[in-house]
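Undergrad: Have a look at this one.
The values are calculated or read from the model by the stated rules, or taken from the named source; none is laboratory data. The structure displayed is predicted, hence computed values, not measured ones. Note that we place each Cβ from the backbone using ideal geometry, even for glycine, and neighbour counts take in every protein chain shown. Protein only, heavy atoms only, side chains kept; ligands, DNA and RNA dropped before computing areas. Shrake-Rupley method; radii C 1.70, N 1.55, O 1.52, S 1.80 Å.
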Amino acid sequence: MSSEYFISTGSKSSSVNLFKKIVTASPNLIFLFNPARNVFIYINERIKSMFGYTEYDIKEMGSNVLEKILHPDDLITYKTNILPKINAAKDKEVITFTFRFLNKNKEILWLDVNEIVVSRKMDGTPIQILGIANDVTNERKLNNEIKKSELYYRTILSNLQEDIFVINKDYTIKDINNHVLVTTQKKRETIIGNYCFAVSQSNDQPCNLCGEECHLQQVFETGKPAHFNHYNQDADLNSVYADIMMSAIKDKNGNVENVIVTVRDITTLKNYKDKLIDSETRYYSLFNDALNMIHIVDRNGIIIDVNKAEQERLGYSKEEMIGKHITKFIAHDHVDLVKLKIKEIIERKTSCVYNTKLVTKTGSYIIVEADVTPQIINGEVVTLRAILNDITSQEHAKKIALQNLLLNSVNNILKKTLECETETDIANECLKEAMQLTNSKFGFIGKLNNNDVDIISITNIVQNDEIIKKNKDAKKLLNLHVNNIWENVITNGKSYFSNSINKSKKNLDVVSGYPTIDSFLGVPLFYYKKLIGLIFLANKPDGYRTIDKSNIEALSTTISTALFNKRLSVELDNYKQHLEKIVRERTKELKETNRNLGNEIELRKKIERSEERRVGKSVDLGGRRIIKKKKKEERDHEYRYSMYREIRKKHTH
């Protein structure tokens, strides 16, 4: 609960622990209160013994805490009288009041309260008040009991571990308790009858004649109690800072007869408070004058402080930044990252260093290394302090180096394309370049085959990281449905990477010698908007980043083109060979047909010569033989025509 105070003051853990020891050991109720929000920032364990509430109960009451623990009549007085005094109080001015409070059982407690403003807004409005409350319920009761029993009154006075004085109207001391003897190292008879200003201040005249305000005189005149802090002197004449309460002792008619004064030495507490204030001043000077950009956010990411360096670099004033969510000053593509880191730091309660990108008021970007440290109070993260180191120039140099590596990879793939004979050879070279570019330890390239992915190149871990051909189905070797690989890369055609693998699922252990996947990057391979496969890379030592995805996406175009062109070249070569085979076969058939046709023609010529010899020997015996000869010629013509058709038919087939 005290986080806002300790973080704003910049106290180191040792100072915090020391403060805690002091307030824990104190018999008083010590607290930090935010009057602007009306909530307690911190309250010590005395709340339990005094009120019966725990610190958690007070925290849960929120801004309604005063309505629940302060008496209704005194609540009105606080709002109309005390609160205006606090708002108008000067630095180190103590505001004192005595009010009635209600404990958990609704019983009335009287508390004397001292409050001092320890932190303000830029406009001077108090936002942190350090308060010390003393339970004076018993003293209130004692005032009544004193009227009834002088013996009881004296017994109580003698045993209180505070200096108790009973003062007459003439400022002489009427009575004291035993603790005064210890404090002053004087005998009772030298104190009783002496003046109060002589004992406490070693003065020879009243305080108001020495230029100081006399609260005792006011109590005698008004009958109202007084509570204030004052410097007194101890037995060795050393200055002692005292918390003093004065209450009137009245007769039965209501007239003030005496004033009882309670004095408590709070020098040590004041010294520690001064040290805290001094520590706050020194810390804030270091914080505000640091060369690095520094800001502090609460656990919700709201900026509660920012130094000059960050204001100047971003171009915003402090007023423009405080109260805004830190993501307002983060580049759009880094907002989710920053939110995730804040969540992780709060959950793990550990520091974190990561790179992110700020956006200035003019719209330009600054790349920074953010070293974020949580501030933990009572086991809970309450604020986060971020020290930002500008690494824009380094990141630009890295970007250029990566671009050069990417260009080299593209050139190497294009060069190897001319030398490789098969699609697998090219895939092996492409996988080598992709793994070197991302520093991956495992990977494969697969081509889409209907609803399967056939691996055409894969890393063989067993054989010293050499790339060899593995004719395996990627679904069998690697469960591509684990961690949304298949859905994102194959189904949706989008690149996808993850550095937090679900260890409960089986990843890559089907083939002996292959590693379990710790991180991966999957990028689809397109050729003219058609999905033809994917490249899968895994186990980068420091995890994959957006720049890795961008580089492999850029390289994927070259890989797709190289693979597709080689595949097309192989298909063209195969088709050329197929055509050459058909030509050879048809040429052979034509030669055989021509040979058969020549044989048929030669045979026909022999037949015709034989017929001519046979016809020439015939004797014309008149008209019958002439008719017979004509019929014979017709038959010969039909025979020759039929032979010609037969030859044409064979030639055609």
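Undergrad: Could you check how many residues of the range 207-266 are of a type in the set (Asp, Glu) and outside any loop (DSSP other than H, G, I, E, B)? Give the steps one after another, and end with the answer.
TA: Taking the range 207-266 as the starting set, the residues that turn out to be of a type in the set (Asp, Glu) are 212-213, 221, 234, 236, 243, 251, 257, 265.
Add one more test, that the residue is outside any loop (DSSP other than H, G, I, E, B), and what stays is 221, 243, 257, 265.
Result for the range 207-266: 4.
Undergrad: Only one of LYS90, LYS186, LYS141, LYS106 is basic (Lys, Arg) and either at pLDDT 90 or above or part of a strand (DSSP E or B) (or both). Can you tell me which?
TA: Details: LYS90 fails: either at pLDDT 90 or above or part of a strand (DSSP E or B) (or both); LYS186 fails: either at pLDDT 90 or above or part of a strand (DSSP E or B) (or both); LYS141 fails: either at pLDDT 90 or above or part of a strand (DSSP E or B) (or both).
Answer to the check: LYS106.
Undergrad: Which one of these does LYS79 not meet: (1) within 30 Å of GLY254 (Cα to Cα); (2) in contact (Cβ under 8 Å) with a residue 60 or more places away in the chain?
TA: For LYS79, the exception is condition (2).
Undergrad: Follow-up question, since we're still on this one. Modelled with pLDDT of 85 or more and in a loop (DSSP other than H, G, I, E, B): which single residue out of GLY193, GLY131 fits that description? Break it down stepwise before answering.
TA: Values: GLY131 fails: in a loop (DSSP other than H, G, I, E, B).
Being modelled with pLDDT of 85 or more and in a loop (DSSP other than H, G, I, E, B) holds for just one of GLY193, GLY131, which is GLY193.
Undergrad: Here's another thing I want to ask about it. Give the range 328-359 a look and list any residue that's in contact with a helix residue (DSSP H, G or I) (Cβ under 9 Å, 6 or more places away or on another chain), part of a helix (DSSP H, G or I) and surrounded by 17 or more Cβ atoms within 10 Å (Cβ to Cβ), or say none.
TA: Hits for the range 328-359 are PHE329, HIS334, VAL338, ILE342.
Undergrad: Mind checking which residues of the range 52-69 are part of a helix (DSSP H, G or I) and either open to solvent by 40 Å² or more (accessible area, probe 1.4 Å) or more than 27 Å from ASN87 (Cα to Cα) (or both)?
TA: First, the residues of the range 52-69 that are part of a helix (DSSP H, G or I): 55-69.
Listed by number, the residues that qualify are GLU55, TYR56, ASP57, LYS59, GLU60, SER63, ASN64, GLU67, LYS68.
Undergrad: Among the listed residues LEU597, LEU572, which satisfies the condition of being surrounded by 10 or more Cβ atoms within 10 Å (Cβ to Cβ) and within 30 Å of TYR528 (Cα to Cα)?
TA: Details: LEU597 fails: within 30 Å of TYR528 (Cα to Cα).
That would be LEU572, the only listed residue that is surrounded by 10 or more Cβ atoms within 10 Å (Cβ to Cβ) and within 30 Å of TYR528 (Cα to Cα).
Undergrad: Continuing with the same structure: Would you say LEU237 is within 25 Å of VAL94 (Cβ to Cβ), crowded, with 18+ Cβ neighbours inside 10 Å, in contact (Cβ under 8 Å) with a residue 12 or more places away in the chain and of a type outside the set (S, T, N, Q)?
TA: Details: within 25 Å of VAL94 (Cβ to Cβ): yes; crowded, with 18+ Cβ neighbours inside 10 Å: no; in contact (Cβ under 8 Å) with a residue 12 or more places away in the chain: yes; of a type outside the set (S, T, N, Q): yes.
Spelling it out, it is not the case that LEU237 is within 25 Å of VAL94 (Cβ to Cβ), crowded, with 18+ Cβ neighbours inside 10 Å, in contact (Cβ under 8 Å) with a residue 12 or more places away in the chain and of a type outside the set (S, T, N, Q).
Undergrad: So, one more: Are there any pairs, at least 6 apart or on different chains, whose C-beta atoms fall under 9 Å, with the first in the range 569-592 and under 30 Å from CYS420 (Cα atoms) and the second open to solvent by less than 100 Å² (accessible area, probe 1.4 Å), and if so, which?
TA: VAL570/THR422; VAL570/GLU423
Undergrad: Got a number for residues in the range 432-462 being open to solvent by less than 50 Å² (accessible area, probe 1.4 Å), in a helix (DSSP H, G or I) and either within 16 Å of THR516 (Cβ to Cβ) or out of contact with any Gly (no Cβ under 7 Å at 6 or more places or on another chain) (or both)? Even if it seems obvious, please write down each step before you answer.
TA: Step one: list which residues in the range 432-462 are open to solvent by less than 50 Å² (accessible area, probe 1.4 Å), which gives 433-435, 437-438, 440, 442-446, 453-460.
Checking the rest, the ones that are also in a helix (DSSP H, G or I) come to 433-435, 437-438.
Those left that are additionally either within 16 Å of THR516 (Cβ to Cβ) or out of contact with any Gly (no Cβ under 7 Å at 6 or more places or on another chain) (or both): 433, 437-438.
Selection size over the range 432-462: 3.
Undergrad: Something else now. Residue check: is SER13 at pLDDT below 90, small (Gly, Ala, Ser) and buried (at least 19 other Cβ atoms within 10 Å of the Cβ)? Break it down into steps so the answer makes sense when it comes.
TA: Numbers: at pLDDT below 90: yes; small (Gly, Ala, Ser): yes; buried (at least 19 other Cβ atoms within 10 Å of the Cβ): no.
Answer is no for this residue.
Undergrad: When you check LYS318 against the structure, is it over 30 Å from MET122 (Cα atoms) and open to solvent by 20 Å² or more (accessible area, probe 1.4 Å), yes or no? Walk me through how you get there before you give the answer.
TA: Values: over 30 Å from MET122 (Cα atoms): no; open to solvent by 20 Å² or more (accessible area, probe 1.4 Å): yes.
Criteria not met by LYS318.
Undergrad: Let me ask you something else. Assess whether ILE552 counts as being crowded, with 20+ Cβ neighbours inside 10 Å, of a type in the set (A, V, I, L, M) and assigned to a helix (DSSP H, G or I).
TA: Details: crowded, with 20+ Cβ neighbours inside 10 Å: yes; of a type in the set (A, V, I, L, M): yes; assigned to a helix (DSSP H, G or I): yes.
Considered against the rule, which asks whether it is crowded, with 20+ Cβ neighbours inside 10 Å, of a type in the set (A, V, I, L, M) and assigned to a helix (DSSP H, G or I), ILE552 comes out as yes.
Undergrad: Considering the range 249-263 alone, what residues qualify as being buried (at least 20 other Cβ atoms within 10 Å of the Cβ) and either of a type in the set (A, V, I, L, M, F, W, C) or modelled with pLDDT under 85 (or both)?
TA: VAL259, ILE260, VAL261, VAL263
Undergrad: Go through ILE260, ILE249 for me and flag whichever is of a type in the set (A, V, I, L, M, F, W, C), more than 60 Å from the chain's Cα centre (by Cα) and closer than 22 Å to LYS174 by Cβ. Outline the logic, then answer.
TA: Working: ILE260 fails: more than 60 Å from the chain's Cα centre (by Cα).
Exactly one of ILE260, ILE249 is of a type in the set (A, V, I, L, M, F, W, C), more than 60 Å from the chain's Cα centre (by Cα) and closer than 22 Å to LYS174 by Cβ, namely ILE249.
Undergrad: Conditions first: (1) surrounded by 14 or more Cβ atoms within 10 Å (Cβ to Cβ); (2) modelled with pLDDT under 85; (3) aromatic (Phe, Trp, Tyr). TYR231 passes all but one, so which condition is the exception?
TA: With respect to (1) surrounded by 14 or more Cβ atoms within 10 Å (Cβ to Cβ); (2) modelled with pLDDT under 85; (3) aromatic (Phe, Trp, Tyr), TYR231 is out only on (1).
Undergrad: May I pose another question? Can you name the residue in the range 407-464 that is modelled with pLDDT of 85 or more and basic (Lys, Arg) and, of all such residues, is farthest from SER498 (Cα to Cα)?
TA: LYS432
Here's the yes/no breakdown for (1) acidic (Asp, Glu); (2) surrounded by fewer than 19 Cβ atoms within 10 Å (Cβ to Cβ); (3) within 42 Å of the chain's Cα centre (by Cα):
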position	(1), (2), (3)
PHE31	no, no, yes
ASN34	no, yes, yes
PHE40	no, no, yes
LEU83	no, yes, yes
GLU107	yes, yes, no
LEU130	no, no, yes
ASP135	yes, no, no
